[in-house]
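Only one structure is covered here, and it is reproduced in the block below.
The values are calculated or read from the model by the stated rules, or taken from the named source; none is laboratory data. As the structure is a prediction and not an experimental result, all values here were calculated from the model. As a convention, Cβ positions derive from the backbone with ideal geometry for all residues, glycine included, and neighbour counts pool all protein chains shown.
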Amino acid sequence: MTVRLRAHHLLCMLTYAGDGYSRAFTANFDAMVARIAAGEEVLIVAGPDDICAPLLCEAECHCLRDSVRARDELAARDLGRLLGIDLSEEQRLLVGKSELRRMRAAFAGGETREACRGCEWHGLCTRVARRGFRGAKLGRTD
């Protein structure tokens, strides 16, 4: 199987520690992180993805906003440059230990954070990165 992700969710998963919009959202995000950690391929998509699924029933779902699409464009640009690939729609990739290390180092160093500006989770993600990603669910060893 394949986990469908919009580009900015590649950044979100780096610091995801189990917090979220709702219980359904966090349960779903937990499942997606487990699948990626188990080696499932990621497919970059435009618009709502597998992480967004529990929110799509909301009347004013933020996943459909232009500002979120702009986050995707910035994340695709920065992460694509970092990984040396085109992260446009329909790109496939595996997030192994090497890729995870590179993405986290760039995130912690601020190289890939432009897409995060204005995000309500910015402070939480910054704290997780400053703690060396301790508490993040993807790639944890506990």
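Things to note:
- None of Cys61, Cys52 is at pLDDT below 95 and surrounded by 21 or more Cβ atoms within 10 Å (Cβ to Cβ) except Cys52.
- Subset of the stretch 3-40 (residues that are polar (S, T, N, Q) and farther than 18 Å from Gly139 by Cα): Ser22
- One residue stands out among those in the stretch 64-100 that are hydrophobic (A, V, I, L, M, F, W, C), loosely packed, with under 15 Cβ neighbours inside 10 Å and assigned to a helix (DSSP H, G or I): the one that is modelled with the highest pLDDT, which is Ala70.
- Taken residue by residue, the stretch 123-141 has no member that is among the basic types (Lys, Arg) and in contact with an Asp or Glu (Cβ under 6 Å, 6 or more places away or on another chain).
- Matching option when the condition is touching a Gly at 6+ places or on another chain (Cβ under 9 Å), within 21 Å of Phe133 (Cβ to Cβ), part of a loop (DSSP other than H, G, I, E, B) and of a type outside the set (Lys, Arg), among Gly20, Gly39: Gly39
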